[in-house]
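The values are calculated or read from the model by the stated rules, or taken from the named source; none is laboratory data. These numbers come from a predicted model, not from an experiment. Virtual Cβ from ideal backbone geometry, glycine too; neighbours counted across all protein chains shown. What goes into the accessible areas is simple: the full protein's heavy atoms, side chains included, and nothing from ligands, DNA or RNA. Shrake-Rupley method; radii C 1.70, N 1.55, O 1.52, S 1.80 Å.
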Amino acid sequence: MRPPMPVHRLDGLKATLKRWTLILGVLQITVGCVVGFIPPSAVEWFRGIVMAHIEFTANGVLMIAFGSLVGELRLSPAALKVWFATLQFGTWTNGAAGVAAAFIGASSKLMPTLNEKFPPPHGTDNPIVTGSLTLCGVTIMVALLLTLCGLLRAKISGKDANA
């Protein structure tokens, strides 16, 4: 069994992950705003652009909020790295699905309400869009569960330290 990481190295890892989570969160909001400038005439299905704009900006805000929590997470170094990677993959693939759908002109059966209100010209069963949304859902759920676990473990250790 490996010895635990020294506290100063764990704090350094948390500081690095926090910094990059915040930077990439702001970048994601910026990308969402830039995507919002794409004109309807430039794509096959403009609703994909609307979706990407909303998802990139909302997920960028989520990433910034989660970046502010890094110091509170009581996770191992490996779990922190998995947390960071899944948060990145999950948030970025969400908006990427919308961009892909816009340019391909097809969406996914995972978006039934959007498809019903705004039918894409090339169908609703594109494997790229569906795959991106599936990857998004799985990775964001992993990041959320790791965040909850890290916050709950921190609360438990805080109670133990005061006892």
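In table form, for the structure just shown:
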| read-out | value |
| --- | --- |
| Residue list for the range 114-135, restricted to those being over 23 Å from residue 38 (Cα atoms) and within 22 Å of the chain's Cα centre (by Cα) | 127, 131, 134, 135 |
| When residues of the range 85-117 are limited to those that are touching a Phe, Trp or Tyr at 6+ places or on another chain (Cβ under 7 Å) and in a helix (DSSP H, G or I), the one surrounded by the most Cβ atoms within 10 Å (Cβ to Cβ) | 101 |
| Residue satisfying all of: in the range 54-80; over 14 Å from the mean Cα position of the chain (by Cα) and part of a helix (DSSP H, G or I); surrounded by the most Cβ atoms within 10 Å (Cβ to Cβ) among these | 70 |
| Only one of 57, 113, 130, 91 that is β-branched (Val, Ile, Thr) and free of Cβ contacts under 8 Å to residues at least 12 places away in the same chain | 113 |
| Residue list for the range 6-53, filter: at pLDDT below 95 and open to solvent by 60 Å² or more (accessible area, probe 1.4 Å) | 7, 8, 9, 11 |
| Cross-chain or 6+ apart pairs with Cβ under 7 Å, the range 135-154 first and closer than 19 Å to residue 18 by Cβ, then in a helix (DSSP H, G or I) and acidic (Asp, Glu) | 151/72; 154/72 |
